[in-house]
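Report on one structure; see the data block that follows.
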Number of protein chains: 6
Amino acid sequence: MSTDRYQKGMDKLKELTVADANSPTGHMEVGESFKDIAPDLTKLVVEFAFGDIYARPGLDNKQKVLTTISALVAQGTPQIGMHVITGLNVGLTADEIAGCIMHLIPYVGFPRALNALKVAQEVFAEQGVSVTPQD
Amino acid sequence: MSTDRYQKGMDKLKELTVADANSPTGHMEVGESFKDIAPDLTKLVVEFAFGDIYARPGLDNKQKVLTTISALVAQGTPQIGMHVITGLNVGLTADEIAGCIMHLIPYVGFPRALNALKVAQEVFAEQGVSVTPQD
Amino acid sequence: MSTDRYQKGMDKLKELTVADANSPTGHMEVGESFKDIAPDLTKLVVEFAFGDIYARPGLDNKQKVLTTISALVAQGTPQIGMHVITGLNVGLTADEIAGCIMHLIPYVGFPRALNALKVAQEVFAEQGVSVTPQD
Amino acid sequence: MSTDRYQKGMDKLKELTVADANSPTGHMEVGESFKDIAPDLTKLVVEFAFGDIYARPGLDNKQKVLTTISALVAQGTPQIGMHVITGLNVGLTADEIAGCIMHLIPYVGFPRALNALKVAQEVFAEQGVSVTPQD
Amino acid sequence: MSTDRYQKGMDKLKELTVADANSPTGHMEVGESFKDIAPDLTKLVVEFAFGDIYARPGLDNKQKVLTTISALVAQGTPQIGMHVITGLNVGLTADEIAGCIMHLIPYVGFPRALNALKVAQEVFAEQGVSVTPQD
Amino acid sequence: MSTDRYQKGMDKLKELTVADANSPTGHMEVGESFKDIAPDLTKLVVEFAFGDIYARPGLDNKQKVLTTISALVAQGTPQIGMHVITGLNVGLTADEIAGCIMHLIPYVGFPRALNALKVAQEVFAEQGVSVTPQD
């Protein structure tokens, strides 16, 4: 049932994620850890968030990840880290990701921006990327 | 005092806004209407939000506006309309702006996305732009 | 394409909404007014929010509407009114709906509860229902 | 029943509100308009918010109103105007109230601060108070 | 002073909570750990949240807990776990609680729903309850 | 460049913070830990948040810290602890700080207030201050 949307979602996920021999969805947690209490969650995430929404035309992948990160910074939800990895994987630079968080200071305030910078900083260190020094 | 940052902010504002013979800051409301109760507000907005933040390297103008709109959609604050105009002015298409709001549905939920689409729809109509029909 | 989920969503919508000869989705706005800027929105709302989520087992319709209203009260989003109509339609009483909003005062504070009561009060008046007087 | 707390709340309300021959709670809306759907709301507001909380020791009235306004600015809830009147009534100056909202810019961002300034500006005009001009 | 409301609140708490020989309020934290800095907090929680609000007519206990959990999911506040235990104790099933969180995805987005599922999953494991497998 | 605002910000910080031989900004984290990914952050915090905003006339330091803490309680952001220390340093008592958080219960709900009380309680213990017992 709904094989097409699921396959479309999985194809999109492959574009977005770091290949990982141990997981068909790469670095992205798409609800597999909730199989016991929400057995349909992964299907909903893959089909809706990736097959329907992420696969929409209109924005390219880099724009989609920037948009996602910006909303999570404003909400203060902790999923930012996972999407920072996705951003690096689709070609956003560390400068663009840090620049996005810094850009949001006037709109969301320093506290939410600082919380997000801390998460980004940890991901950058893990992934071995760095921001270009300014003179 | 601090002429450089103010000028830098005004220059950035000129890049971002629709020229308007009646206002040095174009379509953008930067706090002039609060002169009576917050006489330093315009200076703070121009110098900080535009001179310091919008003029930072890292993201281009189109990315900065997408980032701004995304955060406002997540917050549910009504300034979205003004930034949609800015987006059109720096070259974002109606498809990209509507695409950004649609992309946020899985992250912020339908209610906040629908509220933002309504604002964008009104701005698109006023500005005479439209989204490419899908077949 | 995806006829089954769309049909399932429309069937669920019929259960939930007040029949209206002029609209296949009754009193419920499911994105039709955004056809020009988000032509796929109605399909996404019907298929995902109604076909996938509202049609899930686990909760009955009355519980689902209470749950929805509670989240919207906490968010402060203005869609509450539409869901109050849905609640009355699936058999929630005005006492239950007002009771739900009053119950949330200790969790969300008086301001958000009062904003929601105002919306509920208007819908109750329009729909001709009333809360049982207390002695 | 619970006469003491109700009386204590009403006494506190009298301290806080502008006397108004037509209303025992002055300019303050304490839920009387919801008698039909939430007949116990006014009692809960008067007893809890005013009798229990506003009458606590620890802060003086001016501090309590500043604290209230600051939280409402951060939430973006529209009750700010009513509390700005209360603030003026207990002796906060327009400078202090505008200063409070301006002070919050780095913590909540410009959009929420501007929304609040607009409400304060309207109340100041209605109440005939003004902010001291800066040179 | 105010013995009736306190007693009413304690009676309600007994209905809602898992009996625990070591605590008169069972599994529910009602502010006792803040006696040193807010000596009146427990009294306010018991009297207001339980004696006034939880003891209101209008909704049954299962509806009240669903309503509470839904608001906390939308807010993203970490008290969800405590209320999930309360839900199980008043007769909500794990299916209903997980179903409530899943139902909120279209309204609050995946991130807040996933955060809540994680808390519910931990509580279900501790309490030895499970969601009915779907075929 | 902009030496005056930076110096003004540093002077304000000295007023607000506990002297610390190891750090020019005392107990206050003003973004130094993000030098690698946001090299201009400390400058922006010192110049804007302290030089421009904290140094504004209108409110005294005690009012400014109360205002800040109130907004952070409403947002639920974890920076509260740092500002509680600042509050004690500028002369707010533990009674005033705990009183501020308790005062916000009717506006933001118990969950956000309890989260903030926990942070304040930890800071009070570290700083060796206590709330006056009530009889």
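May I ask you to list the residues in the range C:92-135 that are farther than 14 Å from D:Leu41 by Cα and more than 13 Å from chain E (Cβ to nearest Cβ)?
C:Val119, C:Glu122, C:Val123, C:Phe124, C:Ala125, C:Glu126, C:Gln127, C:Gly128, C:Val129, C:Ser130
Inspect all residues belonging to the range E:63-71 and state whether any of them is open to solvent by 50 Å² or more (accessible area, probe 1.4 Å), of a type outside the set (Gly, Ala, Ser) and more than 30 Å from F:Val123 (Cα to Cα). If you could, list the steps in order and put the result at the bottom.
Looking only at the range E:63-71, we keep the residues that are open to solvent by 50 Å² or more (accessible area, probe 1.4 Å), and these are none.
No, that holds for no residue.
Condition check: within 12 Å of chain D (Cβ to nearest Cβ) and more than 27 Å from A:His103 (Cα to Cα). Does F:Asp60 satisfy that?
When the stated conditions are applied, F:Asp60 passes them.
Just for helices (runs of 4 or more DSSP H) wholly inside the range E:87-135: which have at least 1 residues that are surrounded by fewer than 20 Cβ atoms within 10 Å (Cβ to Cβ)? If you could, list the steps in order and put the result at the bottom.
Values: elements: E:94-103, E:105-108, E:110-127.
Where helices (runs of 4 or more DSSP H) fall fully within the range E:87-135 and carry at least 1 residues being surrounded by fewer than 20 Cβ atoms within 10 Å (Cβ to Cβ), they are E:94-103, E:110-127.
Filter the range F:1-49 down to residues that are among the charged types (D, E, K, R), more than 23 Å from D:Gly109 (Cβ to Cβ) and modelled with pLDDT of 80 or more, then give me how many there are.
Looking only at the range F:1-49, we keep the residues that are among the charged types (D, E, K, R), and these are F:4-5, F:8, F:11-12, F:14-15, F:20, F:29, F:32, F:35-36, F:40, F:43, F:47.
When the remaining residues are screened for being more than 23 Å from D:Gly109 (Cβ to Cβ), the result is F:4, F:11, F:14-15, F:20, F:35-36.
Then drop every residue that is not modelled with pLDDT of 80 or more, which leaves F:4, F:11, F:14-15, F:35-36.
The total comes to 6.
Do you know which residues across the range B:81-135 are basic (Lys, Arg) and more than 19 Å from A:Val65 (Cα to Cα)?
To start, the set of residues in the range B:81-135 that are basic (Lys, Arg) comprises B:112, B:118.
Scanning the range B:81-135 gives a single hit, B:Lys118.
Among residues belonging to the range F:1-59 that are within 28 Å of A:Gln127 (Cα to Cα) and hydroxyl-bearing (Ser, Thr, Tyr), point out the one that is most open to solvent (accessible area, probe 1.4 Å). Show your work before the answer.
Quick first cut of the range F:1-59, residues within 28 Å of A:Gln127 (Cα to Cα) only: F:29-45.
Imposing the further condition that a residue be hydroxyl-bearing (Ser, Thr, Tyr) reduces the set to F:33, F:42.
Values: F:Ser33: 59, F:Thr42: 16 Å².
Only one residue tops the list, namely F:Ser33.
Any idea which of (1) facing chain E (nearest Cβ under 9 Å); (2) buried (at least 19 other Cβ atoms within 10 Å of the Cβ); (3) assigned to a loop (DSSP other than H, G, I, E, B) is the one C:Ala74 doesn't satisfy?
(3)
Scan the range B:92-107 and give yes if some residue there is among the hydroxyl-bearing types (Ser, Thr, Tyr) and over 16 Å from the mean Cα position of the chain (by Cα), otherwise no. Don't jump to the end; show me each part of the working.
First, the residues of the range B:92-107 that are among the hydroxyl-bearing types (Ser, Thr, Tyr): B:93, B:107.
So of that shortlist, the ones also over 16 Å from the mean Cα position of the chain (by Cα) come out as B:107.
Yes, there is a match, as at least one residue in the range B:92-107 is among the hydroxyl-bearing types (Ser, Thr, Tyr) and over 16 Å from the mean Cα position of the chain (by Cα).
Is it the case that the range D:17-36 has a residue that's part of a loop (DSSP other than H, G, I, E, B) and basic (Lys, Arg)?
If we filter the range D:17-36 for residues that are part of a loop (DSSP other than H, G, I, E, B), which is where we start, we get D:17-31, D:35-36.
Going one step further and asking which of them are basic (Lys, Arg), we end up with D:35.
Scanning the range D:17-36, I find at least one residue that is part of a loop (DSSP other than H, G, I, E, B) and basic (Lys, Arg), so the answer is yes.
Which of the residues spanning the range A:15-59 are closer than 30 Å to C:Ile37 by Cβ and among the basic types (Lys, Arg)?
Matches in the range A:15-59: A:Lys43, A:Arg56.
The values are calculated or read from the model by the stated rules, or taken from the named source; none is laboratory data. Note that this is a predicted model, so its numbers are computed, not measured. Cβ sites come from the backbone with ideal geometry, for glycine too, and all protein chains shown count toward neighbours. To get the accessible areas, we keep the full protein, side chains included, count just its heavy atoms, and leave off ligands, DNA and RNA. Shrake-Rupley method; radii C 1.70, N 1.55, O 1.52, S 1.80 Å.
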